[in-house]
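Q: Have a look at this one.
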């Protein structure tokens with residue numbers, strides 16, 4: 001009887017976890033460690049790629065906010081500050097699929113700060 005009760009509780013718990021994961025699937029989740037070397041690498045890639053695409057000379061400063069979204073890879077939506085003649089804040093979206101060695105800058109837009 002105890003084993004059956006334990007099994008039932010385990011199945012209910014697993015169903016709860018699966019349902020919670022389904023809710024989160026596809027949505028953006030906050031990045032907990034903005035200083036993670038991989039996050040910094042993604043941010044630097046975004047600035048470098050933007051510079052290449054339009055001939056700018058922005059210099060990466062730091063990541064001030066970040067979210068990730070799991071798709072068939074990962075989308076990173078980062079708020080980045082740059083230091084050049086006038087500090088600016090940008091939102092960069094980078095798609096990464098490491099098993100296919102793909103990394104693309106999806107968007108890079110200035111963020112209005114008040």
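Q: Can you name every residue in the stretch 55-72 that is within 13 Å of residue 95 (Cα to Cα) and at pLDDT below 95? Before the answer, list the steps.
A: Within the stretch 55-72, the subset within 13 Å of residue 95 (Cα to Cα) is 67-72.
Scanning the stretch 55-72 gives 70, 71, 72.
Q: Turning to a different aspect of this structure: Using the structure shown, decide if residue 33 is free of Cβ contacts under 8 Å to residues at least 12 places away in the same chain and surrounded by 15 or more Cβ atoms within 10 Å (Cβ to Cβ).
A: Working: free of Cβ contacts under 8 Å to residues at least 12 places away in the same chain: yes; surrounded by 15 or more Cβ atoms within 10 Å (Cβ to Cβ): no.
Spelling it out, it is not the case that residue 33 is free of Cβ contacts under 8 Å to residues at least 12 places away in the same chain and surrounded by 15 or more Cβ atoms within 10 Å (Cβ to Cβ).
Q: Please determine whether any residue of the stretch 36-54 is touching a helix residue (DSSP H, G or I) at 6+ places or on another chain (Cβ under 8 Å) and at pLDDT 95 or above.
A: Quick first cut of the stretch 36-54, residues touching a helix residue (DSSP H, G or I) at 6+ places or on another chain (Cβ under 8 Å) only: none.
Scanning the stretch 36-54, I find no residue that is touching a helix residue (DSSP H, G or I) at 6+ places or on another chain (Cβ under 8 Å) and at pLDDT 95 or above, so the answer is no.
Q: What residue, of 48, 57, is free of Cβ contacts under 8 Å to residues at least 40 places away in the same chain and part of a helix (DSSP H, G or I)?
A: Working: 57 fails: part of a helix (DSSP H, G or I).
Selected residue: 48, the only one of 48, 57 that is free of Cβ contacts under 8 Å to residues at least 40 places away in the same chain and part of a helix (DSSP H, G or I).
Q: Still on this structure, I have one more. Which condition number in (1) assigned to a loop (DSSP other than H, G, I, E, B); (2) surrounded by fewer than 17 Cβ atoms within 10 Å (Cβ to Cβ); (3) in contact with a strand residue (DSSP E or B) (Cβ under 8 Å, 6 or more places away or on another chain) is the one that residue 65 fails?
A: Just one mismatch for residue 65, condition (1).
Q: With the requirement that a residue be closer than 15 Å to residue 36 by Cβ, surrounded by fewer than 17 Cβ atoms within 10 Å (Cβ to Cβ) and touching a residue at least 24 places away in the same chain (Cβ under 8 Å), what does the stretch 69-100 give you?
A: Once the filter is applied, which keeps residues that are closer than 15 Å to residue 36 by Cβ, surrounded by fewer than 17 Cβ atoms within 10 Å (Cβ to Cβ) and touching a residue at least 24 places away in the same chain (Cβ under 8 Å), the stretch 69-100 yields only 98.
The values are calculated or read from the model by the stated rules, or taken from the named source; none is laboratory data. Computed from a predicted structure; not experimentally measured. Cβ: placed from backbone, ideal geometry, glycine included. Neighbour counts: every protein chain shown.
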